[in-house]
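Colleague: Quick one: structure below, then a few questions.
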Amino acid sequence: MTYRQQQRIKRICWVISLSIVAIPFVFPFLWMVSSGFKSANEIFGQPSLLPDVWRWRNFVEVFEYQPFARQYFNSIYIALVVTGLTLIVSSLAGYALARIRFAGSVLLVVFLLSALMVPEEVTIIPNFFLIRWLGLTDTHVPLILLPVFGPQGVVATFLMRQYFMALPKDLEDAGELDGLSRIGIWWRIALPLSRPALAAVAIITFLHSWNLFLEPLVFLSSLEKFTLPLALGNFTDPYGMPLWHLQLAATSLAVVPVIIVYVIAQRQIVESFAMTGVKG
Amino acid sequence: MAGLTLNNVTKKFGAVSVIKGVDLEVNDGDFVVFVGPSGCGKSTLLRVISGLEDVSGGEIRIGDRLVNDVQAARRGVAMVFQSYALYPHLTVEQNMGFGLKVRKVKPADIKTRVREAAATLKLEDFLERYPRELSGGQRQRVAIGRAIVSDPAIFLFDEPLSNLDAELRVHMRAEIAALHQRLGNTMIYVTHDQIEAMTLADRIVILRDGQIEQVGSPRELYSHPKNVFVAQFIGSPKMNVVEAASLSAVSEIGGDLAGVVSVGMRPEHLTVTQPTDGLFRGRVSLSEYTGAGSLLHVEVPGSGTFLVLQNGPEAAETGAEIGLSIEPENVHRFDANGLRIPSSNSLKGET
Ligand SMILES: Nc1ncnc2c1ncn2[C@@H]1O[C@H](COP(=O)(O)OP(=O)(O)OP(=O)(O)O)[C@@H](O)[C@H]1O
Ligand SMILES: [Mg+2]
């Protein structure tokens, strides 16, 4: 066997074994999408990968059953606002913690990180009382503020801080000599060089907001304020039993933005690694 | 353009004193080189001058202007970093024009000035490229170009050539010298390369441990070092310094020996003779052939190892007994504190 052949066989083995490993991950997804096109009866009938009859009506009923379009929009705009705010706040705070020397800056980082150890379930009740006292229950404000300034924001800040600390200090000195202010250095030097970190933060923040369940459950009560995770559990018959065909059709729809975000952010990460090439 | 005056400048990092009272007068248009051992505070002093570090005490004047509290960008200085510090996300043209853009100069003017600087540095063909697409030498030229474009009163260089290979370093050294000739700006240059310091400088400032040991022209420092430290620091290979008492030949060299504790002889001033002819003798323990000549390590009984530069193709062999001699005016005498004693024998060339 030549070296090339060996490499080929190795490759084929890899592809086969990875495909096998992928089945448990891919199969439920396929099942979900295909069941979204089935009738409730067919879902529980003879198992099949593709529906016998494609019921496109499911996707119309999803929108008729409850204000699903509105709920979908809620989720999108909340996730976008949270992501945007988190990027701004975490990169500003991360930059300050990485580069500005002030009394207790390290202590502050330790303090923030230690707050991560408190589970959300513990803080949700005091948070609820706080939000109610502010009169913000059944609004989207807590769904935006809590992730930005809560544990998610801390994780994002920490990520950004670590990334900023690794950027060459000389670049910022050069920026200072070129006449940039602190904010200018952050905006025109540190941020453009941090695209991989920003993209990573954007992904995890968007996903976290998109999947947020406990907070909407606790804070929201009116149907048209619901976000997707709440709405998805709401496709039930009058006896509270799930309407599987609608639920699965709606869930399939809910996955679309996640895929889009992944594709965009991943390209950002790859591109910016090639782009910045931060070296001497 | 302007000169620079440092008046008892000090710099502390927390409790650690790094610059311990530096007085220096740099004339307008001078090329001044800071040299000194690693960690002596060269970079720190440069950064204090640039304004990137706050000064802890004393006065810094650029021209007549007291700049202690003036921010870096307003001091009229430009800095070239060892790491080049080019913005990776900007093209060469954007890199060079960045400072002007920040200062809101008109785009048309920026373009003209960048083109001018690029022409000076032969960078016209690279303006559209990103720094990662350039060689080390080209990046260094861009970094210098960026400094030129901002039209500073004073250029500051922090070991700008130390990331380049030997050949390119020689070439860039010549370019920097030519640049200084053409622009005539004051330039302050940090290096620990002897040759760079000697060839480029109008005046060399020797720093040790946050203080100035001596300031002078390369010639002065070479022939009239103030003390043992400077004598050994300037010149390569470094000067042989031995206890006067250990070398009986010292008395033969003549001159006033009162108070002389040690004597120094440069490797290039020692000449190899027959064992019987020299002022003193020793055994060659190592002979390093360098092409133009050889560097001999000579064991002199009682005094230790002497470095000797022997010119020409002939070289004493390892293990050979040789004699060494030196012209009396080339012998440096130092007192108990390491200070050089000017002597009647070595007045030649004194200014
Ligand atoms: N930001 C800082 N905080 C604390 N100490 C510092 C800081 N910058 C420099 N020092 C200390 O100051 C001293 C002088 O450093 P500096 O970088 O000026 O040396 P240098 O002469 O440029 O050395 P080299 O030739 O190695 O570049 C060193 O002992 C260094 O540890
Ligand atoms: Mg240095």
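The values are calculated or read from the model by the stated rules, or taken from the named source; none is laboratory data. Quick caveat: nothing in here was measured; it's all calculated off a predicted structure. We place every Cβ from the backbone using ideal geometry, glycine too, and count neighbours over all the protein chains shown. These accessible areas exclude ligands, DNA and RNA; they are computed on the full protein's heavy atoms, side chains included. Shrake-Rupley method; radii C 1.70, N 1.55, O 1.52, S 1.80 Å.
Colleague: By the gyration tensor of its Cα atoms, with a ≥ b ≥ c the square roots of the eigenvalues, what is the shape of the stretch B:237-334: rounded for a/c under 1.5, prolate for a/b over b/c, or oblate?
Modeller: Working: a/c = 1.96, a/b = 1.75, b/c = 1.12.
It comes out prolate by the Cα gyration axes.
Colleague: Can you return the aspartates and glutamates within cross-link range of B:K101? Criterion is Cα-Cα under 18 Å, with same-chain partners fewer than 8 residues away left out.
Modeller: List returned: A:E172, A:D173, A:E176, A:D178, B:E93, B:D109, B:E116, B:E128, B:D151.
Colleague: Can you flag which of B:K20/B:K42; A:K169/B:K20; A:K169/B:K42; A:K169/B:K111; B:K42/B:K238 are past 23 Å Cα-Cα?
Modeller: In this structure, A:K169/B:K20; A:K169/B:K111 exceed 23 Å between Cα atoms.
Colleague: Helix A:244-276 versus the longest principal axis of chain A: what is the Cα-based angle in degrees, 0 to 90, to the nearest 10?
Modeller: For helix A:244-276, the angle is close to 30 degrees.
Colleague: I'd like the Karplus ³J(HN,Hα) series for the stretch B:98-112: coefficients 6.51, -1.76, 1.60, θ = phi - 60°, whole numbers in Hz, and an x wherever there's a Gly or Pro.
Modeller: Values, residue by residue: 4, x, 5, 5, 4, 7, 6, 6, 5, x, 5, 5, 4, 4, 4 Hz.
Colleague: Within 10 Å of each Cβ in peptide B:281-294, how many partner chain Cβ atoms are there on average? Round it to a whole number, please. Write out the running numbers ahead of the final one.
Modeller: Details: counts 0, 0, 0, 0, 0, 0, 0, 0, 0, 0, 0, 0, 0, 0.
Mean partner-chain Cβ count within 10 Å for B:281-294: 0.
Colleague: Another one. What ranking of B:M265, A:M117 comes out by heavy-atom accessible area, probe 1.4 Å, highest first?
Modeller: A:M117, B:M265
Colleague: Does anyone have the angle between helix A:120-133 and the longest principal axis of chain A? Alpha-carbon axes, 0 to 90°, nearest 10?
Modeller: Computed tilt is about 90 degrees.
Colleague: Along the charge dipole of the stretch A:66-279, which of A:P147, A:I88, A:F206 sits closest to the positive end, that is, farthest toward it, with unit charges on the beta carbon of Lys, Arg, Asp and Glu (+1, +1, -1, -1)?
Modeller: A:I88
Colleague: In square nanometres and to one decimal, what's the mean projected area of the convex hull around the Cα atoms of chain B?
Modeller: 20.7 nm²
Colleague: A follow-up question, please. Give the shape of the stretch B:1-149 as rounded, prolate or oblate, defined through the alpha-carbon gyration tensor: a ≥ b ≥ c are the square roots of its eigenvalues, a/c under 1.5 means rounded, and otherwise the shape is prolate if a/b is larger than b/c and oblate if not.
Modeller: Cα axes put the stretch B:1-149 in the prolate bin.
Colleague: Pull up the DSSP beta bridges for chain B and report the antiparallel fraction as a percent, rounded to 5.
Modeller: Of all bridge pairs located within chain B, approximately 75 percent are antiparallel.
Colleague: Something else about it: Any chance you could check the Cα centroid distance between the stretch A:164-223 and the stretch A:1-27 for me, in angstrom?
Modeller: The two parts, judged by their Cα centres, are 38 Å apart.
Colleague: With runs of 4+ DSSP H residues as the only contributors, calculate the mean residue ellipticity of chain B at 222 nm using -39,500 (n - 2.57) per run, divided by the residue total and rounded to the nearest 500.
Modeller: So the calculated ellipticity at 222 nm is -7500 deg cm²/dmol.
Colleague: For the stretch B:237-334, what's the relative contact order in percent, using C-alpha pairs closer than 8 Å and at least 6 residues apart?
Modeller: 34 percent
Colleague: Give the relative contact order (percent, whole number) for the stretch B:4-223; include only Cα pairs under 8 Å separated by 6+ residues.
Modeller: Once normalised by length, the contact order is 30 percent.
Colleague: What range in chain B is the longest one free of GluC sites (Glu not before Pro) that are in a loop by DSSP and have at most 15 other Cβ atoms within 10 angstrom?
Modeller: B:129-313
Colleague: When only alpha-carbon atoms are used, what values of Rg and Dmax, in angstrom, describe chain A?
Modeller: 23.7, 75
Colleague: So what is the calculated 222 nm ellipticity per residue for chain A, using -39500 (n - 2.57) for each DSSP H run with n of 4 or more, over all residues, to the nearest 500 deg cm²/dmol?
Modeller: -23500 deg cm²/dmol
Colleague: If you don't mind, there's one more thing I want to ask. What is the average number of partner chain Cβ atoms found within 10 Å of a Cβ in B:84-94?
Modeller: Taking all residues of B:84-94 together, the mean is 5.
Colleague: Additional query: Would you rank A:W133, A:W186, A:W14 by solvent-accessible area, highest first, keeping every protein chain in place and using a 1.4 Å probe?
Modeller: Output order, biggest surface exposure first: A:W133, A:W14, A:W186.
Colleague: For the stretch A:119-159, what does the alpha-carbon gyration tensor say about shape, rounded, prolate or oblate, given a ≥ b ≥ c as the root eigenvalues, a/c under 1.5 as rounded, and a/b over b/c as prolate?
Modeller: Working: a/c = 3.14, a/b = 1.67, b/c = 1.88.
It is oblate, given that a/c is not under 1.5 and a/b is not larger than b/c.
Colleague: Restricting to the protein assembly as shown, compute how many DSSP beta bridges are antiparallel as a %, nearest 5.
Modeller: Expressed as a percentage, antiparallel bridges in the protein assembly as shown total about 75.
Colleague: Keeping all protein chains in the complex and leaving out DNA, RNA and ligands, what accessible area do you get for A:Y65 with a 1.4 Å probe, in Å² to the nearest 10?
Modeller: Solvent-accessible area, nearest 10 Å²: 100 Å².
Colleague: At what distance in nm do the modelled label points of B:D125 and B:K12 sit from each other, each positioned 7 Å from its Cα along Cα→Cβ?
Modeller: Going by the 7 Å Cα→Cβ label model, 5.5 nm.
Colleague: List the residues, sorted by chain then number, that are 5 or more residues from B:V190 or on another chain and whose placed amide H is less than 5 Å from its amide H.
Modeller: Those qualifying (amide H under 5 Å, at least 5 residues apart or on another chain) are B:F34, B:F157, B:D158, B:E159.
Colleague: Evaluate peptide B:71-77: per residue, the Cβ atoms of other protein chains within 10 Å of its Cβ; return the mean as an integer.
Modeller: Per-residue shielding by partner chains comes out at 3.
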